[in-house]
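What follows is calculated from the coordinates using simple rules that are stated; it is not laboratory data. Quick caveat: nothing in here was measured; it's all calculated off a predicted structure. Glycine gets a Cβ as well: all are built from the backbone with ideal geometry, and neighbour counts include every protein chain shown.
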Amino acid sequence: MTDIGKNSKDAKGKRQYEITIGLEVHAALSTTTKIFCACGTKFGEAPNSQTCPVCLGMPGVLPVLNENVVKYAIRAALALNCKFNLLNKFDRKNYYYPDLPKNYQISQDYLPIAHDGCLDIFLSSGKRKIRINNIHMEEDAGKNLHAGDTGLLDASLVDFNRAGVPLLEIVTYPDMHSVGEVEKLMTALRDILMYTGVADCKMEEGGLRFEANISLMPFGQTDLGPRVEMKNLNSFKTVIKALNYEIRRQEKSLRQGEKVTQETRLWDDKSGETSPMRSKEEAHDYRYFPEPDLVPLVIDEQLIEEIRSSLAELPASKLERFCKDYGLSEYDARVITSSRALADFYEEVAAVCKEPKTVSNWVTGELQGILNEEKRDIGDCPISPEQLAELLSLLSKGAVSAPSAKIILRDMFHSGKSAKAIIEEKGLSQISDEKDIRPAVKHIINTNTGIVDDYCKGKEKAIGALIGKVMKETRGRADPTKVSQILRELLEEEKRSR
Amino acid sequence: MELNELTAHEIRNLLESGKTSSEEVTRAVFAKIDREDGQIGAYITLCKEWAFDRAKTVDRKRKDGQAMPPLAGIPIAIKDNICTRDIRTTCSSKILENFFPPYQATVVEKILASDMVPIGKTNMDEFAMGSSTETSFFGVTHNPWNLEMIPGGSSGGSAASVANDEAIVSLGSDTGGSIRQPAGMCGVVGLKPTYGKVSRFGLIAFASSLDQIGPLTGDVEDSALLLDAICGHDARDSTSVDVPANHAKALSGSISKNIIGIPDEYFVGGLETEVETAVREAIKVLEGLGAKLQRVSLPHTDYAIATYYIIATAEASSNLARYDGVKYGYRHKAEKGLSLSEMYGKTRSEGFGVEVKRRIGLGTYTLSAGYYDAYYLKAQRVRTLIRNDFEKAFGKCDCIIAPTSPTAAFRIGEKIDNPLQMYLSDIFTIPANLAGIPAISIPCGLTRDGLPIGLQIMGKAFDETTILQTAYAYEQAADWRTITPDGNKL
Amino acid sequence: MTKITPDVVDHVTKLCRIHLTNEERKKFTEQLNQILTYMDKLNELNTENVEPTSHVVPLENVLRKDALSPSLGSEKALANAPDKHGEYFKVPRIINGTE
Ligand SMILES: [Mg+2]
Ligand SMILES: [Zn+2]
């Protein structure tokens, strides 16, 4: 994806407008039940089957808060370095929409659970802090189905299964200045939410959704310029496309001396454009007031500490530790810590096979390669960390050669057998005894006189080709170090004898 | 005396001694309804079949020698803003004309667990917004003491059903006086419990921070028995408080050491002379029983109505937003091509009556951008002042006595076009809702025109016992409850 | 003194999705003015240092376990619906994300 933010330059290559972007992120929490009722949160159930009087907003029913929503929110807030409001309240946000059963959303406005946090993103220029304005708990709405999906021309349909699913809304400060930065932030945030286990962030299920606000101003100005809000962004790709579109649109307006209108725009995936929401003056008068049906929530410092101590290590500190403790390069460490499952897998292998760099090479190289080919994830890798550790230990002890190990790994992946079993079965154990290797080397020298001549004439690099031939002769089983050593010895002899 | 003219505890004695059956009592109640409810209009929906079914089941249980709860077999009427599973629950509104809840209000579960016999759903002001039971989509309810008068509201149907012996006891709801005011005007006993004492689950919300369900009964003992049956903690209501209670047992406790507060601000202009006289007479009776009197001051009383109508309408504007023709209830019958916005607007304009629309409008306005601080937040602050007034007063006394309403029942139609005038008639009942404290209204006399006058006793939060004891002592001494509406007028 | 113009009434009734006839609108304006003027009474009080009351119950932290209970099922959920289509609630067409 091109980073338009960086490319908004004039004819002379100078950037004309500074871009400022803030995000509102909605993450569906991975609780078993909804936020205010005991209905399930499973995705993909039959329409309206996962509903009850409470989440349908029937007359006279009342909300009762799910304790896990609070715990998950605390976890996320800790991971995002936020400060807590120990006294929490819920508020009603009033607006009419068919997917909102009560025509108000129970949310937090005045006293949200956490505020003023931050997270780091890593740019080529170094680490950048993006500030979090606040984190609050709220309920999701249902789902409207429109004519395009239903084939009904004069009607829309409503499914309330999602109504009442707990959401965490994370609001950033407008601290991002390019689409690339936004992309980094979204990834970092998703990693944290998944790492802490509070959300599974399945985009295709609407588990992570975004609203972005963006404004452009000529460089050197301090007034941010009119803010355009964009709703309906349901994937990373959509956010990026919509922002790129919007930057181009606003730049064009500004260059032509037009004003950008402060408004809310909707992204349409089909047309690849944003268009203004039919604006109504009162559209934003949400008439927030304290939810009388819920009593205050007072967060116990002790609970925060308990959760803090149980919190999984976050990607950023994991990265640091991997560089330090395992001596990995930052690049390798970043690849491994990009997912919690991969990092955990790596650590389990490294705990048995005490060669962290070898483990890193094999996990990110050969194993990842096979996984990619097979379109599988480390989470459902058929080779267990113990099995891989066994193979790599055999390799480092010299019981098997590297080329053989690659063959064995592939076999393990498909057959599920252990490395030892495969070695035995296929006779792949390494030949490291000199007296077993020497005849093969001699044979190659005798049958490749041309290359030997080259070597003797001073072309020392020719030895590589001969090593390859010996390895092929021994079906990859000979110890390559020994092969090279014997070869050199015999070739030097040959050279001297000429 | 007919069976339906007895109180619940009197019927209980007959049931326990085998002199009558729940089925017979139920039959007597329905006979009265069949004869007279056409003129009273206490009920919207009757559930005769269910009632007899349950009455027979309860009779069988009793015959089998099972231990029965105190109110087993007693017919009870339920205000139509309390949800009854698979039985139409309308809130007296066209917008819920055909709503059949798939769930049971907690209080209904409790009265069923007490083996009571629900006989029907009673008329009320639409969404409990009113003081006269004139705003119901299903027509007005008439005061059994004088059919040209209102029965009070909003629980007018529940009060009238008990007053006219069309039910033995009933359930009402009280947001700003909606149990006590009609109880006073119909000459029955009405108790608004402490906020949080009775579960609101299944009570169709008017103003969530003020609403409370409570009993309307023929006398104080029935009130205590019914309160015992319906109160208690409910996990489905986050504002429900867990306080153990046994009010009926404590009823006859002595009040001779009690200090009764008399608030200056409740005996002022606007209070009808006849009402004041009756209330002062009642205070003398209590003094005669040994209670000490203590002048107290509730200085912010005059601000209660403004405070109440801001808070209640704001909450209502949000609570009633869900009636939009999407999930249940009335929807405007569309010619083709109606937009969503037109559907919403027409559904709500046609589905709600004028008083409900007025209050939704008022509440929407006071919450809207730029006005929230001046109205809603201000009202919440004044609410604190009103609560503080009571706290201070209760430092000096055990309960507070006042009139229930400034006047006896007024004429049907008299105030219907003057909303502010109607609102002002709740002046004495509203403060207890704002403070969340319990209050009871009991009969304390009749006007020259033969209309009942209500005496109100307010207590400390969760101290229903003191107000019930005081009410009981007065009732035993004064015995107004033996006077009943003149049946000849029907 | 509060002054509500018919325009304000229009704004409010739009917010709460209630259509009024011209006559209702006129009456409404009058009555809301009368009521709000009465409400202005509260301005006599200085409430600068007074905390607002939003709850009268002395409760906090009312929570439930994250444990599943059976749902209603779509048939019962839709039983009171004014209009439906299969297992969905049916409403007039929603245009452009607003109504
Ligand atoms: Mg939100
Ligand atoms: Zn539910």
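Comparing C:40, C:83, C:66 in a Gaussian network model of chain C where C-alpha atoms under 10 Å apart are linked, the largest mean-square fluctuation is found at C:83.
Inter-part distance, segment B:403-419 to segment B:289-356, computed on C-alpha centroids, equals 20 Å. Shape summary: chain A maps onto an equivalent ellipsoid whose semi-axes, from the alpha-carbon gyration tensor, are 58, 29, 21 Å in decreasing order. Is segment A:1-153 best put as rounded, prolate or oblate by its Cα gyration tensor, with a ≥ b ≥ c the root eigenvalues, rounded for a/c under 1.5, and otherwise prolate when a/b is larger than b/c, oblate when not? It comes out oblate by the Cα gyration axes. Across peptide B:367-377, the average count of Cβ atoms from other chains found within 10 Å of a residue's Cβ is 5. Inter-chain neighbour count for B:353-366: the average number of beta-carbon atoms from partner chains within 10 Å of each residue's beta-carbon is 6. The residues packed around residue A:109, meaning those with a beta-carbon under 15 Å from its beta-carbon, carry a net charge of -4 if Lys and Arg are +1 and Asp and Glu are -1. Annotation note: trypsin sites (Lys or Arg not before Pro) in segment A:220-274 located in DSSP loop regions with a Cβ neighbour count of at most 13 within 10 Å are A:259, A:270. DSSP loop trypsin sites (Lys or Arg not before Pro) in segment B:19-55 with at most 12 other Cβ atoms within 10 Å of their Cβ, which ones? Here the sparse-neighbourhood loop sites are B:19. Pairs B:357/B:378; B:61/B:121; B:32/B:121; A:184/A:237; A:93/A:129; B:94/C:76: which exceed 19 Å Cα-Cα? Pairs exceeding the cut-off: B:357/B:378; B:61/B:121; A:93/A:129; B:94/C:76. Qualifying GluC sites (Glu not before Pro) in segment A:220-265, where qualification requires a DSSP coil assignment and no more than 10 other C-beta atoms within 10 Å, comprise A:258. Taking amide hydrogens as placed 1.01 Å from N in the peptide plane, the amide H of residue B:296 sits under 5 Å from those of B:262, B:264, each at least 5 positions away in sequence or on another chain. Note on segment B:146-259: dipole from Cβ charges, positive end direction compared against B:199, B:239, B:156; the farthest Cα belongs to B:239. Normalised by 2.2 N^0.38 Å, where N is the number of residues, the alpha-carbon radius of gyration of segment B:303-381 equals 1.28. A straight line joining the Cα centroids of segment B:437-453 and segment A:386-425 runs 94 Å. Projected label points at residue A:118 and residue B:285, each 7 Å from Cα along the beta carbon direction, are separated by 7.3 nanometres. Close amide H contacts of residue A:18 (hydrogens built in the peptide plane, cut-off under 5 Å, sequence separation of 5 or more or a different chain): A:217, A:219. Between residue C:30 and residue B:391, the FRET efficiency from the beta-carbon distance, with R0 = 41 Å, is close to 0.60.
Rounded to the nearest 500, the helix-only mean residue ellipticity at 222 nm of chain B stands at -11500 deg cm²/dmol, with each DSSP H run of n ≥ 4 adding -39,500 (n - 2.57). The string of couplings for segment C:6-17 from the Karplus curve (6.51, -1.76, 1.60, θ = phi - 60°) is x, 4, 5, 4, 4, 4, 5, 6, 5, 4, 9, 6 Hz, one whole number per residue in order, with x for Gly and Pro. Distance between the pseudo-spin-label points of residue A:330 and residue A:173 (7 Å out from Cα toward the beta carbon): 2.4 nm. Of the cross-linked pairs A:469/A:495; B:192/B:460; A:34/C:65; B:192/C:41, those separated by over 18 Å at the C-alpha level are A:469/A:495; B:192/C:41. Note on segment A:379-498: with charges restricted to the Cβ of Lys and Arg (+1) and Asp and Glu (-1), its dipole about the Cα centre is near 380 debye. Each residue of segment A:74-85 is assigned a 3J(HN,Hα), and the resulting list reads 5, 4, 5, 5, 5, 5, 9, 6, 8, 8, 9, 8 Hz, derived from the Karplus form 6.51 cos²θ - 1.76 cosθ + 1.60 (θ = phi - 60°), x at Gly and Pro.
Contact order, relative form, for segment A:434-497: 40 percent (alpha carbon pairs under 8 Å, 6 or more residues apart, mean separation divided by residue count).
Entry note, chain A: relative contact order of 13 percent, from Cα contacts under 8 Å with a spacing of 6+ residues.
Scanning residues 5 or more positions from residue A:61 or on other chains, those with amide H under 5 Å from its amide H are B:202, with H placed 1.01 Å from N in the peptide plane. Put a dot 7 Å past the Cα of residue A:489, heading toward its Cβ, do the same for residue A:368, and the two dots end up 4.0 nm apart. Spatially, segment A:112-132 and segment B:26-64 are offset by 68 Å when compared through their Cα centroids. For segment A:246-305, the alpha-carbon coordinates run over 57, 32, 28 Å along the three principal axes, in decreasing order. For segment B:332-342, the Karplus equation 6.51 cos²θ - 1.76 cosθ + 1.60, evaluated at θ = phi - 60°, returns couplings of 3, 6, 8, 6, 4, x, 5, 7, 4, 5, 5 Hz by residue, with Gly and Pro reported as x.
Given bins 10 angstrom wide, list per bin the percent of all Cα-Cα distances in the protein assembly as shown, short to long. Spelled out per bin, shortest first, that is 2, 9, 16, 18, 16, 12, 9, 7, 5, 3, 2, 1, 1, 0, 0.
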